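To keep things clear, I will list the structure first and then write my remarks on it.
The values are calculated or read from the model by the stated rules, or taken from the named source; none is laboratory data. Because the structure is predicted, anything quoted here is derived from the model rather than measured. All Cβ positions, glycine included, derive from the backbone under ideal geometry; neighbour counts span all protein chains shown. Each accessible area value is taken on the protein alone, full model and side chains, heavy atoms only, with ligands, DNA and RNA left out. Shrake-Rupley method; radii C 1.70, N 1.55, O 1.52, S 1.80 Å.
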Amino acid sequence: MSRGIEFNNRLGDIPDYPTAGNYEFGGELVKLASNESPFGPPAAVVGAIQGQLETLNRYPDPEKSALRKAIADRAGIGPERVTVGNGSCEILLSAADALLEPGAELIYAWPAFSVYPMLAAASGATEIKVPLDADARHDLDAMATEITAATRLILICNPNNPTGTALPLDEIAAFLDVVPDHVAVILDEAYVEFNLLQDPDDSLDLLAKHGNLILLRTFSKIYGLCGLRAGYALGPDRFRRAIDQVRQPFSVNALAQAAAAEAVRHQDEIARRIEATVIERVHMESELDDRGLDYAESQANFTWVSVGDRDEAAIVAGLADRGVIVRAGTALGEEGRLRVTFGTRRENDRFLAELDALL
Ligand SMILES: *Cc1c(COP(=O)(O)O)cnc(C)c1O
């Protein structure tokens, strides 16, 4: 009798990533579950993708030279310090491969990004999850006390997913001052553009000071290219080479490389999107205030709303029945919460109207 294929032991520890469900709905489906941009790519970016179609018989550039140069020029650092990934998640998972192993320790806050628990599980390292503080922000003092001789990697998500909360950069700078320089710190800035506490360029100053710091950014959120998969890290050259050692050479496809390189050139459009999102954030928060619903202080393109003692799962299911998809807090690390992405005004008002009908 066959027992079926035998897999390795680590596999049982790797949690499934909690993806948003697929829903059938007769009318217009409002997707506010995955922190996506409601805006499609600019026409020039679509053009750059189309420009690649005829040459798809060729492998993509394994060095990702044009894209790394475009990112490096904007960041004012050398291209050898830019790592490009098939989404920033590839860089996270490859960092686990390159930095972690049984006996090594990883520290991160919780709740934070749902991919982080995969890093320790996939590498066999030990993870230390440090609870957020009472304001749903990273507790950096508590995280610092968890550093040991075995610590290899610390993840900080700023602004944090799923809470939307952000720390002022000077608090992160003070934390970096106490982290031993053999410990890598990945500052996940997937939502940095939406953060009004700082300019995205401000974090770059920390790179010059800390050789163990890696800034992680993505084309998936403000750039609206999550369907293509492109993300990047700014950090030491040695980090880039380590990531390249543990992954396949052609991980970032030709369409993604061309689109992202073009997208970098459209900062005026990015600025308009930031403004539109912040306007929706203010609108949604004032509507939530009117309904007496509490939410964490968001510096991102989503809100982390408390449903109080109402049944979170019933609200998520009820909204889905009405064509509005949001995320249940339980799947993301905390009960009694909804994570709701800010869409267009029309989409946000649909969410509010269906919520009112439900409650
Ligand atoms: C969405 C998100 C990312 C982006 O992942 P990609 O693989 O680049 O799409 C990274 N970190 C956090 C915290 C996120 O929420």
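Observations on the model:
- Listed residues 183, 259, 223: farthest to the positive end of the dipole of segment 157-310 (Cβ charges): 259
- Considering only Cα atoms, the convex hull volume of segment 251-359 works out to 137 Å³ per residue.
- Share of carbon and sulfur in the accessible area of the chain stands at 49%, probe radius 1.4 Å.
- Helix-only CD estimate at 222 nm, as mean residue ellipticity for the chain, using -39500 (n - 2.57) per DSSP H run (n ≥ 4): -11000 deg cm²/dmol
- Ligands, DNA and RNA aside, residue 137 has an accessible area near 70 Å² when probed at 1.4 Å.
- When the chain is reduced to its Cα atoms, the Kirkwood hydrodynamic radius in Å: 21.3
- Segment 70-92 and segment 337-359 have Cα centres spaced 35 Å apart.
- Rounded to whole numbers, the Karplus 3J(HN,Hα) couplings from phi for segment 337-347 are 10, 10, 9, 10, 6, 7, x, 6, 4, 4, 5 Hz, using 6.51 cos²θ - 1.76 cosθ + 1.60 with θ = phi - 60°, and x at Gly and Pro.
- Estimated dipole of segment 205-359 in Debye, rounded to 20 [Cβ of Lys and Arg +1, of Asp and Glu -1, Cα centre]: 1020
- Whole-angstrom gap from segment 6-44 to segment 147-192, using each part's C-alpha centre: 25
- FRET efficiency for the residue 291 to residue 245 pair, using the beta carbon distance and R₀ = 51 Å, is estimated at 0.50.
- Subtracting the Cα-Cα distance of residue 344 and residue 59 from their residue separation scaled by 0.36 nm leaves 98.9 nm.
- Cα Rg, Dmax (largest Cα-Cα span) when computed across segment 46-180, Å: 18.0, 55
- Exposure rank, largest accessible area first [110, 304; 1.4 Å]: 110, 304
- For segment 65-85, the residues whose backbone nitrogen is under 20 Å from a point 7 Å from the Cα of residue 205, taken along Cα to Cβ, are 74-78.
- Close lysine pairs were tallied over the chain: pairs 8 or more places apart or on different chains with Cα atoms under 27 Å apart number 7.
- With all protein chains kept in place, the per residue accessible area of the chain amounts to 45 square angstrom at a probe of 1.4 angstrom.
- Per-peptide average of other Cβ atoms within 10 Å, ordering 11-22, 252-263, 152-163 highest first: 152-163, 252-263, 11-22
- Full-extension gain in nm, residue 148 to residue 50, via 0.36 nm per residue minus C-alpha separation: 30.3 nm
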